[in-house]
1. For the subset of the stretch 211-258 comprising residues that are over 25 Å from the mean Cα position of the chain (by Cα) and polar (S, T, N, Q), which member is farthest from Asn64 (Cα to Cα)?
2. Against the condition touching a residue at least 24 places away in the same chain (Cβ under 8 Å), assigned by TED's automatic domain parsing to the domain that holds Leu122 and not hydroxyl-bearing (Ser, Thr, Tyr), how does Phe87 come out, does it pass?
3. For the stretch 242-271, which residues satisfy the criterion of being touching a Pro at 6+ places or on another chain (Cβ under 7 Å) and either in the same structural domain as Gly45 (by TED's automatic domain parsing) or within 19 Å of His27 (Cα to Cα) (or both)?
4. Out of the stretch 122-148, which residues are free of Cβ contacts under 8 Å to residues at least 60 places away in the same chain and either over 29 Å from Glu295 (Cα atoms) or β-branched (Val, Ile, Thr) (or both)?
5. Which of (1) out of contact with any Lys or Arg (no Cβ under 8 Å at 6 or more places or on another chain); (2) more than 27 Å from Met36 (Cβ to Cβ); (3) at pLDDT 95 or above is the odd one out, the single condition Pro278 does not satisfy?
6. Test each condition in (1) out of contact with any helix residue (DSSP H, G or I) (no Cβ under 6 Å at 6 or more places or on another chain); (2) at pLDDT 95 or above; (3) over 30 Å from Arg269 (Cβ atoms) for Ala16 and report the one that comes out false.
7. Val37 fails exactly one of the following numbered conditions: (1) in contact with a Leu (Cβ under 9 Å, 6 or more places away or on another chain); (2) within 19 Å of Leu279 (Cβ to Cβ); (3) in a strand (DSSP E or B). What is the number of that condition?
8. For Leu274, state whether it is touching a Pro at 6+ places or on another chain (Cβ under 7 Å), surrounded by 14 or more Cβ atoms within 10 Å (Cβ to Cβ) and not in a helix (DSSP H, G or I).
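The values are calculated or read from the model by the stated rules, or taken from the named source; none is laboratory data. From a predicted model like this one, the values you see are computed outputs, not experimental measurements. Please note: Cβ atoms are built from the backbone with ideal geometry, for glycine as well, and neighbour counts cover all protein chains shown.
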Amino acid sequence: MRPEIIEFAGDMPVKAHIRDVEHCPYHWHGALEIIMVLEGQAIIGIGGETHLLKENDIAVVNKNEIHRIQKSGGDNKLLMVQVDSGFCGTIPDLQYTFIHCCSPYHENQVPEKYNLLKEDVLRLVYWITEKFRKIDIIGCLDETLVEMADYFDYLRYGPGIDAFDEKRVQRYKSIYEYVVNTPWKNQSLTELAKTMGISMQYLSQDIKVKFGLTYQELLFYGKCLEAARLLLGTDKFVNEIAAECGFSDVKYLVKHFRRNFNYSPSDFRKKHRLCGEPLVSQFKYKELPLSSFREKILNNLSRLKTLNAQVEIPLSRTICARLP
């Protein structure tokens, strides 16, 4: 299996589809992807977690995050919005940001945040469907992504719903930047704490309290995601993958991979590998015209706009003043 290549037409950094999905095996791509259920339901696996998405649920897949989709019960209609990673990189709020947005996580606790995001996504898709000016579509996309970062950045909220104070947010962004730009073998908590001018014990405890995982456990999860891509996308031996992903011994890869994916690396590869067949041939879905869902999108947009008018809207949401 190789990464899915998503191409964008001309200089438009976003595209939208509506699909009746039967099965999309584990894959990944450089684009950020938003999935919203318009009708029916679907099972989505993101990383090592699996969730049932029902009608009006939404989930965000980060760039290069492995994920899969399969039907649950009857037909479904999934709205899928894909955003060019190059465009995301031009937005400062999205630098060193990891989006933690999936309805089953905590929508029942903070429905207003999810409703605001859904409204923005549906507005964006409506404007694409109606062929609004490119400058308007990109402006809508920009605001949608900024809001997504404000409300669903894992480094700002952890797995919970209460934002950390801004000092901690900047600290965690610095940690993420350090991890992204530092080779596996040099990612030392001691060095990181020294760089930040705080004790290792304090930093270690702070990370554990805020994220529910130790610094090492967070690193191991990232290593396991990379291992999963190598297991599915290459013919490398498991011991080679362990070394490449920074595990000092293959037994540690097996231990942490099983903890995060519920399979040993070998069993995961056996279950999800495509046996050399092209990735595109394994996707089973029907492409449906966006225009045929125009009224449904508009009705859902109007409903969400009414709901969101009843809650306090951040001043930054200037785009909400514009009717579709």
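1. Ser248
2. yes
3. The first filter runs over the stretch 242-271 and keeps only residues touching a Pro at 6+ places or on another chain (Cβ under 7 Å), leaving 253-254, 257.
Scanning the stretch 242-271 gives a single hit, Phe257.
4. Within the stretch 122-148, Ile135, Thr144 qualify.
5. Going through the list (1) out of contact with any Lys or Arg (no Cβ under 8 Å at 6 or more places or on another chain); (2) more than 27 Å from Met36 (Cβ to Cβ); (3) at pLDDT 95 or above, Pro278 breaks only (3).
6. For Ala16, the exception is condition (1).
7. (2)
8. Details: touching a Pro at 6+ places or on another chain (Cβ under 7 Å): yes; surrounded by 14 or more Cβ atoms within 10 Å (Cβ to Cβ): yes; not in a helix (DSSP H, G or I): yes.
Yes, satisfied.
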